[in-house]
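Everything below concerns the one structure shown next.
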Amino acid sequence: MNKSLRILMVVPGSFFNDYGAHVRIEEEIRALQKLNHEITVITYYLGRDLPGIEVIRTRPTPWRADYEVGSSLHRIAFDAFLCWTGLKTVLRRRFDIVHGHLHDGAFIGYFLSRLQRIPLVADFQGSMTSEMVDQKFLNPDGPLYRWVRLFEMRIDQLPDIILTSTNQTAILLEQYFNCASYRVQPLPDSVNMEFFHPDVLTTDEIAAQRAALGIPDGHPVVVYLGLLSDHQGIPHLLQAVRILKERGVEARFLIGGFPVPRYRQMAADLGVSDRVIFRGKIPREETPAHLALGDIAVSPKLSKTEGNGKILEYMAMELPTVAFDAPQNREYMGSLGAYAGHTADPVALADGIAGFLQDPQRRAELGRKLRERAARHFSWDRAGRHLVAVYRSVLRSKTRNPN
C-alpha cells in the first residue's frame, strides 16, 4: 500500500481569500486530504483560516498590514518573510514534496526543496510576465520587461515538474519559455460538483432573495463572481450594461467580488447604477447561492494566458456563460460557450448577453449540457488522483536520479 505523503505548499498570497487562485489551492488540498495525504500551507500574514487545513503564516510587515492582492513592490518583502517562514518550517519538520504555487512560490519552494533534497512541484496558472502586464504593473515596451521575462524563464527551469491550470499554459511554457514537455503536466482547473449544484435554492428562495436585492419580478439576472479589476474585464462589462440599457434591454447584473468603490463609481458615471448590484466579497460558502440567483453568467476576463476557473463554477450551476474567445475559455466550455469575439469588445459582449436573454429555452438546454461537461471532464476527485500520480512519479524519478 502506498504511504501517505507529507506535502509542503508554498502559497504567496493571503490564503484563504475568496478568489480564483486560492479556490484552486483549497480544492487541491481537499482532494489530497480525501486520499489521506498531509498538507501544510505556508502563506502571508493575512487570510482566512479554513477548517481542517494546517496553515503557518508569516509575520506582518511593520509598515503595511493591509496589503493588496496582485502585482506590487510590497510583494518582495512579503515573499522574503514567506521564505524565512518556510526555512524555519523545513528545519523543524520533514516533508516528501514541496508544492510551490505561482512563480514566486516556485522560486521560494526551490530553496526549501533543496534543503531537504526532495522534489519541487510548481503550479502555474499563467505567465508571470503576462500577468504583470495585464495588471498594468509592467510596461511591455519598458526597460524592465526583458529582465523580468528572463527571470521568469529561469524560474521555469527550477521545478522537477510544472503543473498548469490549462493546456494553453502548458503550450506557452513549451513554446516560449523553453520547458521540456516531459516536465510540464496539465492539471486543469476543476470544480466541486457536490458543492456547486443548481438546486441549492428553491424557486421561492430565489424569488425572495431577488426581491430583497431590489430586482423587479420577471427581470432576467446576469451574474458575475470573482475579483473586480480591469484585467478581469469589469470596465468592459459595465460598458456592455450601458449598451444593453440603451437598447432597452431590461436585465439586472448581480456582481459579487471586491474591491467595489472604483467600479461602483464607474457604473454611476456610465449611468447604469440602476442596472448593477454590487454585493461585495461573497464568502466561499455562499457562492453557490449567489450564482443560483442568475439566469446567465458572464466572465469578461481579458487574459489569454491565465486560467479562468470561475467558468467551471458557472457550468456546474447550469448557467449559460458569455466570455471572450480565449483558449482557456474554449478548453472549459468547448462548443457550448457563447464567445464574444477576440478583441475585448463591449459591443460583442452585450450581443452575447442579449442572445441568451432573448432565448430562455436555449439557456436551459445549454445549462444542462454545461453541467454534464463539467462533471465529465473537470471533477476534483479525478484531478486529485492525477496529482498524487504526479507526486509519486517525481518521487520515483528523484530516487533513481538523486542529483
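Structure data summary
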read-out: Segment 334-362 - residue that is at positive phi and in contact (Cβ under 8 Å) with a residue 24 or more places away in the chain and, of those, surrounded by the fewest Cβ atoms within 10 Å (Cβ to Cβ); value: GLY334
read-out: Subset tally (residues that are in contact with a Ser or Thr (Cβ under 6 Å, 6 or more places away or on another chain) and assigned to a helix (DSSP H, G or I)) for segment 371-385; value: 2
read-out: Condition met for PHE111 (of a type in the set (A, V, I, L, M, F, W, C) and buried (at least 22 other Cβ atoms within 10 Å of the Cβ)); value: no
read-out: Single residue of TYR339, TYR332 found to be assigned by the TED database to the domain that holds SER299 and within 19 Å of the chain's Cα centre (by Cα); value: TYR332
read-out: Search result, residues across segment 363-397 that are buried (at least 18 other Cβ atoms within 10 Å of the Cβ), farther than 30 Å from ALA338 by Cβ and not hydrophobic (A, V, I, L, M, F, W, C); value: GLY384, TYR391
read-out: Within segment 76-181, helices (runs of 4 or more DSSP H) holding 2 or more residues that are over 24 Å from the mean Cα position of the chain (by Cα) and within 26 Å of SER229 (Cα to Cα); value: 145-156
read-out: Helices (runs of 4 or more DSSP H) wholly inside segment 296-359 that include at least 1 residues being among the polar types (S, T, N, Q); value: 327-333
read-out: Residue that is modelled with the highest pLDDT, among those in segment 31-75 that are within 14 Å of SER14 (Cβ to Cβ) and part of a helix (DSSP H, G or I); value: ARG75
read-out: Positions within segment 107-165 being touching a Cys at 6+ places or on another chain (Cβ under 8 Å) and acidic (Asp, Glu), in sequence order; value: ASP156
read-out: Top-ranked residue of segment 224-272 - restricted to ones that are under 20 Å from the mean Cα position of the chain (by Cα) and of a type in the set (Val, Ile, Thr), ranked as surrounded by the fewest Cβ atoms within 10 Å (Cβ to Cβ); value: VAL260
read-out: Top-ranked residue in segment 171-207 [being small (Gly, Ala, Ser) and within 26 Å of MET315 (Cα to Cα); ranked as surrounded by the fewest Cβ atoms within 10 Å (Cβ to Cβ)]; value: ALA207
read-out: Flag if ARG279 is over 27 Å from the mean Cα position of the chain (by Cα) and in contact (Cβ under 8 Å) with a residue 24 or more places away in the chain; value: no
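Residues checked against (1) closer than 18 Å to ALA340 by Cβ; (2) at pLDDT below 95:
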| residue | (1), (2) |
| --- | --- |
| SER273 | no, no |
| ARG279 | no, no |
| ILE282 | no, yes |
| THR287 | no, no |
| LEU291 | no, no |
| ALA297 | yes, no |
| GLY309 | no, yes |
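The values are calculated or read from the model by the stated rules, or taken from the named source; none is laboratory data. Model, not experiment: these values are computed from the prediction. FYI the Cβ positions are ideal-geometry reconstructions off the backbone, even for glycines, and counts take in every protein chain you see.
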